[in-house]
Structures are given as structure tokens and as C-alpha cells.
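Enquirer: Let me give you the structure first, and then I'll get to my questions.
The values are calculated or read from the model by the stated rules, or taken from the named source; none is laboratory data. Quantities reported herein were computed from a predicted structural model and do not represent experimental measurements. We place every Cβ from the backbone using ideal geometry, glycine too, and count neighbours over all the protein chains shown.
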Amino acid sequence: MASNEPTDIVPADDHGTTFTDPGTAVERADAFQNPGLPPHQLRVTDKDPKAAKRAERVIVLLFYVSVIGSVFAMAAYFAFPIKPNDLGSVRLNNVFIGLGLAFALLAIGIAAIHWSKALMDDHEGIDIRHPVAGPPPVQARAVEIFRQADRESGFNRRVLIRNGMIAAIAALPFPAIFLFRDLAPAAGTPAEAYSHTLWKQGTRLTKDPTGDPILASDVTIGSVFHVIPDGLLKSDDMLEEKGKAAVLLMRLEPGDLHVSPDRKTWNYDGIVAYSKICTHVGCPVALYEQQTHHLLCPCHQSQFDITREAAVIFGPAVRPLPQLPITVDSEGYLVAQSDFHEPVGPSFWERRGDYNV
Amino acid sequence: MAAMNSSDTKPERRRRGRRSPLASVALVLTGLLITGGAYALMSAAAPANASVDLSSAQSIQQGKKLFAANCATCHGLDLAGSSSGPSLIGVGAAAVDFQVGTGRMPLAQDAPQAEVKPRVFDETQTLQMAAYVASISPGPGIPASSNLTLTGDATKGAELFRINCAMCHNVAGAGGALTEGKYAPNLMNTTPAHIYEAMLTGPQNMPVFNDQNITPQEKQDIITALKTQNKDAGVGGFELGSLGPVAEGLFIWIFGLGAVVAFTVWLTAKGH
Amino acid sequence: MTTTSDTYNYDPTQPADRRQTGGVTGWASRYVDERTGISYVVREFGRKIFPDHWSFMLGEVALYSFVVILLTGTFLTFFFQASMAEVTYDGSYGPLKGLEMSAAMQSTLHISFEVRGGLLIRQVHHWAALLFVASIMLHMLRIFFTGAFRKPREINWVIGYVLWILAMAEGFTGYSLPDDLLSGNGLRIIAGMVEGIPFIGSWLEWLVFGGEFPGTAIVGRLYTLHILLLPAAVLAFIAIHLVFVVTHKHTQYAGPGRTNENVIGVPVLPVFAAKAGGFFFVVFGLLMAMGAFFTINPIWVYGPYDPSPVSAGTQPDWYIGFADGALRLMPGWLGGPGGVPMEFTILNTTYSLNILIPIVVLGLFIVAVMIYPFLEAWVTGDRREHHIADRPRNMPTRTAIGAAGATFYVVLFAGASSDLVATHFKLSIESVITILQFSLLLAPIAAYFIAKRICLALQKKDRQIVLHGYESGRIVRLPGGEYIEVHEPVDEYERWKLVSFNDYEPLMIRPNAAGRIPATERVRASLSRWFFEDRIEPVTSTELEVAHHH
């Protein structure tokens, strides 16, 4: 690299061979010869002046159809105005302006193509190709210019300078990465944010979207309630919090539930609450089948078995949906015992493995 | 069923559109008018309530006869159910009207779920059976027509529909897949009374939405929203089954790109 | 300029109309030339020849769709507000009245229901976007199957490939702008995927969304990408792509008179200009008709984004479907629940293989698409320029690889529609997904062998036709009582199409100068055997003579 005469540049006279090397292609002496262009065939419009005249009339007509289309589109703008609160008027406006413009455009296009096909000269034209590379002297001169520039600058000789330059340029993009840091808020970390929701001890379960609290006695067997925490609707980050706190509430026959020992107190008389946010990539899992007690995610078809603490029974998800421990307050309304015991939603790098032990 | 119908007619419509862009324009217009007409007819079809007094002994007696002949084999004359049919205790008149009125019952064949079919019993017979079932064990009643007036709050209803129903039935009511071959049916041609009854009784795998979960007013809001939405869904033209991006993608590949390629073939073909 | 101008007998002292004739055309041409020097360009390109074949127009469809996208998109920017600020909807659409939604959603509804022609332009924009990506992919398939990526066009293949990626990025960013329920769930899925990337996942999501999903920043950020950065990149790459098309001159199919050293077709002025120009209006007109008659992305039905609801049949636009399909087909537990989990925790960090494997597989797939031309060039060792497009049957292995790749893609797309497949064909969703999971592994292999066999059979048929002519369907009884079918010989023009193709033989490994066989040569030789082991050679004139004497 540091030598005065770089030798890794292809000599200019190599031009010919690299271009014609056929690799493993077979070239046969007795291959057929190209028979050349077949004789030119005349079109009907070349032979019959009447046909040419007819084509001409069609083309002219089409261009004027286009004009009519444009005029129609403008007329439709006024003839089919959009009236407030009347979607029928939007439909007519859409169809008729679109119809006029479609006619205007298609007619121009068809006319121009028909013109070129029927009336313009259709003799085959021939262009000669040249190799894409410059001719040998030009290519040689280009190579020589680079070598000369190298000699005159010492780019390959003054290695310290060259490497210094490369280092300087390589270091330059890194400040940009730091500039992007403030795309996200300066405070907090994602792992922290994903680990907490609005649920805490005593937060009432309320109906989505009205925010009305739910009496345990209202949740009959076979029902499903879509639930948000009390106070969510007044939260500043309503959508962000809802995206973590949304819960699905179901009541099963207590005998149908297989409850693990440490979750004995998490359901209330067969009423169970599970996070609605899929542990796969975060779609709301909300398709509850009241006879099979299966939950299905409509985005990627993961299935969870509510009788077995929302364990995955099919699909791309791996982890069960997190369960929200619930109970009732003194008025009989359903409340949370605490926040979820693990982060809800999709997995992420910083997610620990010891939430449920 | 409605889903099947609409998907049957679609390829027909598209095949026509393929011939020539000009012909398609005219045909598409005709189709648009027909669709509009169909909508008008559909929204005019209000639930025709036959006059049956659900509490009269005569209705109950008639219903008992029909029930004994057609339903008791599986569900038992005392509604206790058997190995081949669930118990009907507490399902109420609403469930009978829904199941029999939509043709789901009597069950035709062993399928993942009961399918909508042409109904076997007329309005009167259905109501008589409902009267019988309700007389044995009370449950949700058939909704009063005052609850089905389509005068609810469409905005509230649409939001409730999105939160409680759209994940299974699709946001436009086009239906969707459930597990193991089951599906949530298309709701576009379902009558308001049947939608109401379905929410109230939770047929098959559909959860129950009792009046504490979704109040009668909210149920009416949902039905209003659904019917308003159906009426206006075609504001931008044919909805391609309201199936979303997959239908749109297939349309652009088959018909959009198909038409474009047809033009390229014409435009590069040698003049003759 | 001054040194060459005298060769044209240019005399600026003479008035223009006396220097030369040519009427208004001549006057206007000279007027412009004298101010721009454009006559060089006209001389070089005005009568440049373009070959005529329908499959050569597919790239133009993409270009024209993009022009339509630019025109309609500009109109939309005049009304669209890329803001996630909460507003209360008060427009024409009843079932959303009084609802809180973002300004982005509200302005999109305003474009749809209150701006006259707004819905039309919005629908044309969206249909054009779908056509843009679809035509790019059909164009890529054409290039692939005809070998039009070979030297000197390898770099242009890569540029076109970048355009494909950019087009998908344009599509996805645009799809997400209205902030409706469907696209919001699409973003939720992307966010969830990003979270699953090791080390940086959660921080990357944190940065992209400006904090927790959905935040209030994403629509504005996507908008900047959608209308500034990405279109600029698309335009730049289109420009380079077209410069190369001009530099290389277009490929042509084998045919009488067509050689590797010429182009036969129609001149730019007037025929090609009229055809291509007319075709722009045709594409625009078809898109306009679609916008007028077919609803696309009815966001008013979807409603504003809310993290709690979701619709059955939640899918991305079709060109992202293959990625969604990969996510759907990746099992969470290999061998069913209780089997091997595809997500596990080691030392308090989580490895989400159920996300990573689809990302890596898709990455490998699209990288394979990009590098294929270089791979094939290395295997054949052919350094010649190729301007005659192959018939797909004449490169059976390449065609088979393409068929396998296309099948892989289609299975992934079917995966993204698994729920609709289940409901429309009355199948269970589980069996559809299981079948597709196996198909993803097996169908490309089957497609490979089927395509290769079909190619070889077609090549054999071509040989038969050249050697023995077409079957005429005419049965003749010979004097001896024997019946034969008369075969019509092919004429020399037709024959040329059937016999003029490249034929490669497998690479023989030979030791290099040092007497050794490098490992790379071994790999190359085995790849070469894989490519060219099964081959049908073109008929030669000697063979035909022998056949005639039979």
C-alpha cells in the first residue's frame, strides 16, 4: 500500500479480454446464423387510405371526448356539490368528478397510442450498441488521472495523513447520533415505563369507554367486560396509559379455573382480569369465546386459554397474558389489588425473568 | 351468509370491468345504482312483528307442541338439555327468537358452529316456542320495538361497537375468524332485533353483554351506528367486501395491474 | 462550445429565419437551442430506439404511478395536518360526530367529506401507491426471469431494488398518517417488533415514538419522512435508474435481426414519445376510475386510533403483508405449547426469537434478492455484456430459483391473510396456519422442481419444433398404407427465436498456478453444477441437417 508505484490497478491493455470472457458459456462454430430482419409488413392504414382516414377520425373524436370529460368534471363540481352532513352528496361528487377525469385522461392516452400505432411511421429503427465502458484510451486516461492524483497528493504514500483523514470523517457522524437522543424524553427509561401501569391497590375497574365502575354481581357467567382503570379518562397521557392498562374481565364457573397456588386470591368468585395487550407484539387480544374460554388475537392469531391463566395454546406468542389481581371494595365494586406483577405487552431486552417467582 | 353472497357477486362485477375501461365505467355505474337501491330496500325492511301474546296459555301450548316435536330430542322437554344439546334454562324468549329466527336452529349438520339458514319456522311459530321456553324458565325477553328504532347516538354506538364487537365482527361488521373453524358472522344484513338478542343472550361462543355491561340505550346506539355505517360505507365507491387491505391488494394485482398489462399488450402489439 | 460552434457554420450575424428554414418548428428549436445548447441532447436521444414489448412497459407503470402519487400527494398536503393534537370531530360523518380524535384523523376526514374532489384525490393517491409497489415488483420479476440484470445492468438492478424498499417505506409511512384504528394497530405491531430487537429494541422504540407508544410525535415524524426525505430519495434513485437505462440502452428479446450489438424498435420521436406519453394518461385514467368507483382505506369506518379496540381482519397494506405473514407463521412454541419456547430469559435479559427469526429470515430473503445478479455472474464467470433478454425456459435453474422465491413471498402474504382464507374457504384458522407453516418450507422447494421440469420440457419441445417442425394436425396416408402426421417446418425467423440462447456447461475445477484448488473455486464449481447440470443444448445447424436427412 505504501509503495510509490501501486500495482493493483488493471493495466489499460487488459480491456479486451475482460469484456469477452464467456465464462462457462459454450460457443459453437456450427450455431445458426441470425437471419436478419424479416421484410417490413405494411399495415391496413398504410395500404388503404380509407382505413387511415377512419383511424384519423377516431383519434380526433377521442381527443374531443377528452375535452368533454374535462368539461364534465368541471360541471360535476357544481352539479354535484357536497352538502354538509350528506354523505350521499359526497358519493355523487366523488363518482362524477372521477368519471369525468377518468374519461378525459383515458381518452387522451388511447388517442395518442392509437395515433402512434395506426398513423405514425412504423418502420423498424436500428441503433448500434457500443460497449458501456469507455474506449480503451479513455479508460486508460481515467485510470492514469487517478494514479496521477495519487502521486501528486501522496494519498497512498503519506499513510498517516490518509488514515488521519479517514478517522476524522469516521468520527463525524457520531455526534449526530447524540443529537437524536432528544427524540425521546430526557427523563426515564423505556424499561421503567413499560413496567408500570395506572393500576394500583384499590383502583376501581371501570367500563371502556364510559368509565363507569363495575359491580361484581353485574359480571354474569359468559360475560366479557372491556375495562380501563378508574381515572384513566382524566389522565394526561390517556392513550399511552390505556395502551398498557387495558384489561379484559370475564366470569367463569370457579370450577373451570385452574388457579396456581400463588394466585389463589387473584380472582373474585370466578371473575378474572387479564391484560388485553398481547405478549407477542402488542395488539389488543380481545376475541373471547365464552364456551371454549379461549382468547384469540386478531392480528397474529395467538390463542390464550383463560381457564389455565391465559397460557398460550396456539400462535406466535410465548408468554401468558399478565393477570391483574382483583377483589371487591366495600360497595361491591371490583377493584385492583395491585398493579400487574410483571410488565404488560411485548417482550423487550431489559425484561427480567423473575417476575412470577 | 351475507358474506358469502357478497363475495359471490364480486368476481362477477370484476369480470365485467375487465373487458374494456369504457364498458366498465358504464357497468360500474349501473352496479352503483343497484347497490344504492339495495341499501334503500334493506334499511326499509323493519322487523315485522307478528302479533303473538307471549303470555297467553294458548301460545304456550302451541309452542310446547312445536318444541316437543322439533327441539326436545336434544334440549329436553324440561329444557334441561342432553349430551346432544345444551340446557335452555334461563336463555329466555330472546335466545329462541334469535336462534330459530335466523335459521340457526334446528341445527342442520355437525359443523363448528350453527349456521344462518333459511328459517324453518315462521314468525308466529317461533314466537310460540319462545313463549313456551320463557314459561318454563324466565330469561331475557324479546326486545320491544321501541328499543330498535335506530334513533340512538351513532357516535357512542360506533365507539362501543369498536371496543366490544369489532375484534370479532370486524369494524365494518364484515365478520371474522375465530378459533377451530368458528367465525363471527357478517352483521350487515342482520336485523336490529337479532343483533339486540345476540348481545343479550350470547349465542354459542359470543359472550353475553348484559344490560349492566351495555345498557339497553347503548345497545340501541350500537345498532344505530352499525346501520348508519352500513348505509354510508360505500361513499367512496364499491367497498370490496369491507375486508380491508387484503381485498384492496388483491384488487390492485388482479384488476388494477391486470388492466394496465392489458393496455401494455395493446400498446406494443404491432399495428395491422 | 466556441471551439466547436464553427463546425456547424454558425453565423450569429445572420437573422435566424434567413439562416435556415423549417417554419415555426425550426424557429422554436433554434430559439431554445441558442439559449440552452440542447441540440446535442436532441441529436443523441431524439431518435434513440426503444424496443417494443409489453413487458418493457412495466417500469413505466411504476414511474407513472409515482408521478400520480406526487401530483395527488401535493394536493393532499394542502389540507392534511400532521398533528396528533386532540380535537373534537364536527364534520359530516355522523357516527364520529363529537368524538375526540387527532388533528391528523380529523383533517383526513375533512379531505374526504368536505373538500370537493378530496375523497377522489385521496383514493387515487392510495390506489396509485398500491399500483406503484405492485408494478415495481412485476417489473422486478420480469427483469429477473429474463436475466436482464446481467452485465452491464447489475448495479441498476440494485438501484431498482433500493427503489422497491423505498416504495414500501413510502407506503408504510403514508398508511400510518391518518392515525386511524387500522394503521394505529399497524404501528403498534411495528413498535412491538422493534421492542423485540436485542440490546437496543426498547430504546429504539422509545426514540422513534418520542417516549411510550403511541405518544404524540409519530405522525409528524412519519409525515416528514413521507413527504420530504423518502420522495427525495425515490426521485434521486429514479433519476439514476433512468440514466442507466439510457446508458445501457434497453434489452430486447431474441428475434431475427436482433443482436447483442443492436437495438431494434421505434424511435423516441415521435412513436415512442406518443406511446409512452399516451400510456401515462392511460395509467392515470385507470387510477382515476379506481378512485371514483372503489373505496380504499375507509378510515371513517375504522375510527380514530385507540389502544383498546381492534378490528377482525387487521392487516397492513399488501406490500407489508409478507412481513406480517412472517410474524404470524412463526410459532411461539416449536412443536406446540409445551415444546421449545421461542422466547426465553437468560441473566435477566429477554431473547424474543419469535420476533427475531422472522426479522432475520425476511432480511436474508431481501438481501438474496439484491445480490442474486452478482451470484449468478460469479457462477457463470461470464464477463460479456448481455443485451438479449433470456426466455425464462432457457435458464431453467434461474427460473426455478425465481419461482421458489416468488412462492416463498406468496406463502408469506397468504400468511398475512390467514384469517380471511379461513373464513372464505370455511377452514379452521389453525389448520390454515399449520398448512402455511409447512408450505413456507416445502412449497418453494416444490415450486423449484416443478418450474425447472417445466422449463426443461419446454426446451425439449422447442428442439422438437426446430428439428421436426410444427405438428400440422393433417394426417396423410402413405402409399404403403401407413398414416403419418405432416409436420410443417419452421421458417428461419421463427427458428432463430428458438435456437439463439446462451448455453452454459458446468464448471470444471482445475488447479490454479500454484497447483491448488481454492475453496472458493470448489464452491463455485458445485454451484455451477447445480445451475447447469440439467441442460438442454440449442439445436445447431449440423443437427438440423442430420435431422433433415432422416
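Enquirer: Specify which of the listed residues (B:237, B:249) is outside the structural domain of residue B:94 (by TED's automatic domain parsing), at pLDDT below 95 and not basic (Lys, Arg).
Expert: Testing whether each residue is outside the structural domain of residue B:94 (by TED's automatic domain parsing), at pLDDT below 95 and not basic (Lys, Arg) leaves just B:237.
Enquirer: Is there a residue in the stretch A:194-208 that is free of Cβ contacts under 8 Å to residues at least 40 places away in the same chain, among the small types (Gly, Ala, Ser) and either out of contact with any Phe, Trp or Tyr (no Cβ under 7 Å at 6 or more places or on another chain) or in a helix (DSSP H, G or I) (or both)?
Expert: For the stretch A:194-208, residues free of Cβ contacts under 8 Å to residues at least 40 places away in the same chain, among the small types (Gly, Ala, Ser) and either out of contact with any Phe, Trp or Tyr (no Cβ under 7 Å at 6 or more places or on another chain) or in a helix (DSSP H, G or I) (or both): absent.
Enquirer: To continue, here is another question. Just to be sure before I move on: is residue C:385 in a helix (DSSP H, G or I), in the same structural domain as residue C:173 (by TED's automatic domain parsing) and acidic (Asp, Glu) in the structure I sent?
Expert: Criteria not met by residue C:385.
Enquirer: Here is a further query. Could you check the stretch B:171-186 and list, in sequence order, the residues that are in contact (Cβ under 8 Å) with a residue 40 or more places away in the chain and more than 17 Å from residue C:426 (Cα to Cα)?
Expert: If the condition is that a residue be in contact (Cβ under 8 Å) with a residue 40 or more places away in the chain and more than 17 Å from residue C:426 (Cα to Cα), then B:172, B:173 are the ones that fit.
Enquirer: All but one of (1) modelled with pLDDT under 95; (2) more than 11 Å from chain B (Cβ to nearest Cβ) hold for residue C:361, so report the exception by its number.
Expert: (1)
Enquirer: Further, regarding this structure: Would you check which residues across the stretch A:259-302 are assigned to a loop (DSSP other than H, G, I, E, B), more than 29 Å from residue A:330 (Cα to Cα) and either of a type in the set (Ser, Thr, Tyr) or not assigned by TED's automatic domain parsing to the domain that holds residue A:332 (or both) and list them?
Expert: A:279, A:292, A:302 - these are the residues of the stretch A:259-302 that are assigned to a loop (DSSP other than H, G, I, E, B), more than 29 Å from residue A:330 (Cα to Cα) and either of a type in the set (Ser, Thr, Tyr) or not assigned by TED's automatic domain parsing to the domain that holds residue A:332 (or both).
Enquirer: Let me ask something else. Evaluate the following for residue A:211: is it away from chain B (no Cβ under 11 Å) and either within 23 Å of residue B:165 (Cα to Cα) or free of Cβ contacts under 8 Å to residues at least 12 places away in the same chain (or both)?
Expert: yes
Enquirer: Considering B:218, B:159, B:180, which residue is surrounded by fewer than 24 Cβ atoms within 10 Å (Cβ to Cβ), facing chain C (nearest Cβ under 7 Å) and in a helix (DSSP H, G or I)?
Expert: On inspection, the qualifying residue turns out to be B:180.
Enquirer: How many residues does the stretch C:164-186 hold that are more than 24 Å from the chain's Cα centre (by Cα) and in a helix (DSSP H, G or I)?
Expert: Residues flagged as more than 24 Å from the chain's Cα centre (by Cα) and in a helix (DSSP H, G or I) within the stretch C:164-186 amount to 4.
Residues checked against (1) free of Cβ contacts under 8 Å to residues at least 40 places away in the same chain; (2) surrounded by fewer than 24 Cβ atoms within 10 Å (Cβ to Cβ):
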| residue | (1), (2) |
| --- | --- |
| C:76 | no, yes |
| C:79 | yes, yes |
| C:94 | yes, yes |
| C:103 | yes, yes |
| C:129 | no, no |
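Enquirer: Also, quick follow-up: Can you pull out the residues in the stretch C:219-253 that are within 27 Å of residue C:145 (Cβ to Cβ), touching a strand residue (DSSP E or B) at 6+ places or on another chain (Cβ under 9 Å) and more than 9 Å from chain A (Cβ to nearest Cβ)?
Expert: Answer for the stretch C:219-253, where residues must be within 27 Å of residue C:145 (Cβ to Cβ), touching a strand residue (DSSP E or B) at 6+ places or on another chain (Cβ under 9 Å) and more than 9 Å from chain A (Cβ to nearest Cβ): C:250, C:251, C:252, C:253.
Enquirer: Kindly evaluate residue C:421 against the criterion of being within 12 Å of chain A (Cβ to nearest Cβ), crowded, with 21+ Cβ neighbours inside 10 Å and either touching a strand residue (DSSP E or B) at 6+ places or on another chain (Cβ under 7 Å) or in a helix (DSSP H, G or I) (or both).
Expert: So residue C:421 fails the test.
Enquirer: Oh, and also: Looking at B:228, B:224, which is the one that is facing chain C (nearest Cβ under 7 Å), of a type in the set (S, T, N, Q), touching a helix residue (DSSP H, G or I) at 6+ places or on another chain (Cβ under 6 Å) and assigned to a helix (DSSP H, G or I)?
Expert: Among B:228, B:224, only B:228 is facing chain C (nearest Cβ under 7 Å), of a type in the set (S, T, N, Q), touching a helix residue (DSSP H, G or I) at 6+ places or on another chain (Cβ under 6 Å) and assigned to a helix (DSSP H, G or I).
Enquirer: Here is a list: C:64, C:89. Which entry is modelled with pLDDT of 95 or more and more than 31 Å from the chain's Cα centre (by Cα)?
Expert: C:89
Enquirer: Quick check on the stretch A:51-62. Is at least one of its residues in contact with a Pro (Cβ under 8 Å, 6 or more places away or on another chain) and buried (at least 17 other Cβ atoms within 10 Å of the Cβ)?
Expert: No - not one qualifying residue is present in the stretch A:51-62.
Enquirer: Sort through C:529, C:495, C:510, C:522 and tell me the only one that's within 41 Å of the chain's Cα centre (by Cα), crowded, with 17+ Cβ neighbours inside 10 Å and among the basic types (Lys, Arg).
Expert: C:495
Enquirer: Would you pick out the residues in the stretch C:318-349 that are within 7 Å of another protein chain (Cβ to nearest Cβ), aliphatic (A, V, I, L, M), crowded, with 21+ Cβ neighbours inside 10 Å and farther than 23 Å from residue B:174 by Cβ?
Expert: Across the stretch C:318-349, the qualifying residue is only C:330.
Enquirer: A follow-up question, please. List every residue pair whose Cβ atoms lie under 7 Å apart, where the two residues are 6 or more positions apart in sequence or sit on different chains, the first residue falls within the stretch A:166-187 and is assigned to a helix (DSSP H, G or I), and the second residue, located anywhere, is surrounded by 10 or more Cβ atoms within 10 Å (Cβ to Cβ) and modelled with pLDDT of 90 or more.
Expert: A:180/C:207; A:183/C:207; A:183/C:210
Every residue, every condition in (1) touching a residue at least 40 places away in the same chain (Cβ under 8 Å); (2) surrounded by fewer than 22 Cβ atoms within 10 Å (Cβ to Cβ); (3) touching a strand residue (DSSP E or B) at 6+ places or on another chain (Cβ under 9 Å), yes or no:
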{"residue": "C:353", "(1), (2), (3)": "no, yes, yes"}
{"residue": "C:373", "(1), (2), (3)": "yes, no, no"}
{"residue": "C:415", "(1), (2), (3)": "yes, no, no"}
{"residue": "C:434", "(1), (2), (3)": "no, yes, no"}
{"residue": "C:437", "(1), (2), (3)": "yes, yes, no"}
{"residue": "C:461", "(1), (2), (3)": "no, yes, no"}
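Enquirer: Report, ordered by the first and then the second residue, all pairs with beta carbons closer than 6 Å, sequence separation of six or more or different chains, a first member in the stretch C:260-278 that is at the interface with chain A (Cβ under 7 Å from one of its Cβ atoms), and a second member that is among the hydroxyl-bearing types (Ser, Thr, Tyr).
Expert: Every condition considered, the pairs that remain are C:271/A:116; C:274/A:116; C:275/A:116.
Enquirer: Can you tell me how many residues within the stretch C:427-467 are within 14 Å of chain B (Cβ to nearest Cβ) and among the polar types (S, T, N, Q)?
Expert: Adding up the residues that qualify gives 3.
Enquirer: With respect to residue A:347, determine if the residue is at the interface with chain C (Cβ under 8 Å from one of its Cβ atoms) and either under 25 Å from the mean Cα position of the chain (by Cα) or modelled with pLDDT of 95 or more (or both).
Expert: Answer is yes for this residue.
Enquirer: Any residue at all in the stretch A:213-236 that's in the same structural domain as residue A:304 (by TED's automatic domain parsing), assigned to a helix (DSSP H, G or I), more than 25 Å from residue B:199 (Cβ to Cβ) and not small (Gly, Ala, Ser)?
Expert: Yes, the stretch A:213-236 contains a residue that is in the same structural domain as residue A:304 (by TED's automatic domain parsing), assigned to a helix (DSSP H, G or I), more than 25 Å from residue B:199 (Cβ to Cβ) and not small (Gly, Ala, Ser).
A quick yes/no check of all residues on (1) surrounded by fewer than 19 Cβ atoms within 10 Å (Cβ to Cβ); (2) modelled with pLDDT under 95:
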| position | (1), (2) |
| --- | --- |
| B:229 | no, yes |
| B:242 | no, yes |
| B:253 | yes, no |
| B:259 | no, no |
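Enquirer: Which one of the conditions (1) more than 7 Å from chain A (Cβ to nearest Cβ); (2) in contact with a strand residue (DSSP E or B) (Cβ under 9 Å, 6 or more places away or on another chain); (3) in a loop (DSSP other than H, G, I, E, B) does residue C:315 fail to meet, given that it meets all the rest?
Expert: Only one criterion is unmet by residue C:315, namely (2).
Enquirer: Which residue is surrounded by the fewest Cβ atoms within 10 Å (Cβ to Cβ), if the candidates are limited to the stretch A:106-150 and must be touching a residue at least 60 places away in the same chain (Cβ under 8 Å) and assigned to a loop (DSSP other than H, G, I, E, B)?
Expert: Residue satisfying both the conditions and the ranking: A:123.
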